[in-house]
1. Find all pairs meeting these conditions: Cβ atoms under 6 angstrom apart; at least six residues apart or on different chains; first residue within region 57-81 and without any contact (Cβ under 8 Å) to a residue 60 or more places away in the chain; second residue not small (Gly, Ala, Ser) and not in a helix (DSSP H, G or I).
2. For the structure I just gave you, tell me whether Gly11 is surrounded by 17 or more Cβ atoms within 10 Å (Cβ to Cβ) and either under 21 Å from Tyr109 (Cβ atoms) or among the polar types (S, T, N, Q) (or both).
3. The conditions are (1) touching a strand residue (DSSP E or B) at 6+ places or on another chain (Cβ under 7 Å); (2) closer than 27 Å to Leu107 by Cβ; (3) not in a helix (DSSP H, G or I), and Leu21 fails exactly one of them. Which is it?
4. How many residues are of a type outside the set (Gly, Ala, Ser) and within 30 Å of Ala100 (Cα to Cα) when one looks only at region 146-197?
5. Pick from region 71-100 the residues that are in a loop (DSSP other than H, G, I, E, B) and of a type outside the set (Gly, Ala, Ser): which of them is nearest to Tyr56 (Cα to Cα)?
6. Which numbered condition trips up Ser127, out of (1) under 22 Å from His207 (Cα atoms); (2) modelled with pLDDT of 90 or more; (3) touching a helix residue (DSSP H, G or I) at 6+ places or on another chain (Cβ under 7 Å)?
7. Looking at region 150-167 only, could you name the residues that are out of contact with any Pro (no Cβ under 7 Å at 6 or more places or on another chain) and in contact (Cβ under 8 Å) with a residue 24 or more places away in the chain?
8. Return a yes/no flag: does region 42-63 have any residue that is in contact with a Gly (Cβ under 6 Å, 6 or more places away or on another chain) and not hydrophobic (A, V, I, L, M, F, W, C).
Amino acid sequence: MSNEVVVLGAGMVGTATALALQARGYDVVLLDRNEPGSETSYGNAGVIQGEACEPYALPRDIATLWRIARKTDNSVDWDLPGLWRLAPSLFTYWRNSAPARHRRTSLAYAALIRRATRDHAGWIAASASEALIRREGYRLIFRDSASFEVQARKAEKWRALYGIGYDREDSAALAIAEPALGRPFAGVGRLPRNQKCSSPGVPVTAHS
């Protein structure tokens, strides 16, 4: 096999991939049409996720599919020519979204995501970006109790299946953590493993 690798896209994912391959002895070329870290990695939320074990499954229930077909929500935009072109891929997506297949995929994802914050730590240190990182977790804030309880049930499943931590917080705890919000909410779920980079394009640029 060739020891030469070309990585397309010099955002966070491409840059980290190139660095990891280089560390394993590969001769790597990283290509992008623009400056490194100047597109998605410049403007994204900067969350280093430690909980994203389940890839998005294609909805399989009739009610959700009916809403998508009628375009009554903003989850999917589609047109007939596009559906026709993507039909083979959509069928594969449908098959792999079946509960048993999706569970197997999620378990594989979980093994990777458990390494995310640990592996990022090395790249953060190498780019001298430690001052940009916040490690107090990530909060999901809910205006109504029903939505909060749905998320809490999902989080309990994540905890049981993948060992993902999840803390329930009340409005008083949120007010202390985020005083600028200035209003009560129905519930708060905190994902303690997640981290936040205040300027995600900077570490990418530093590595270039």
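The values are calculated or read from the model by the stated rules, or taken from the named source; none is laboratory data. Remember, predicted model here, so these are calculated numbers, not experimental data. Here the Cβ positions follow ideal geometry from the backbone for every residue, glycine too, while neighbour counts run over all protein chains shown. All accessible areas refer to the heavy atoms of the entire protein, side chains included, with ligands and DNA or RNA removed. Shrake-Rupley method; radii C 1.70, N 1.55, O 1.52, S 1.80 Å.
1. These pairs meet every condition: Leu65/Pro59; Arg67/Asp73; Ile68/Val76.
2. yes
3. The failed condition is (3).
4. 21
5. First pass over region 71-100, keeping only residues in a loop (DSSP other than H, G, I, E, B): 71-79, 97-98.
Pick out the ones that are also of a type outside the set (Gly, Ala, Ser) and you get 71-74, 76-79.
On the way: Lys71: 19, Thr72: 20, Asp73: 17, Asn74: 15, Val76: 13, Asp77: 16, Trp78: 17, Asp79: 21 Å.
Result: Val76.
6. Only one criterion in (1) under 22 Å from His207 (Cα atoms); (2) modelled with pLDDT of 90 or more; (3) touching a helix residue (DSSP H, G or I) at 6+ places or on another chain (Cβ under 7 Å) is unmet by Ser127, namely (2).
7. Across region 150-167, the qualifying residues are Gln151, Ala152, Ala155, Trp158, Leu161, Tyr162, Gly163, Ile164, Tyr166.
8. yes
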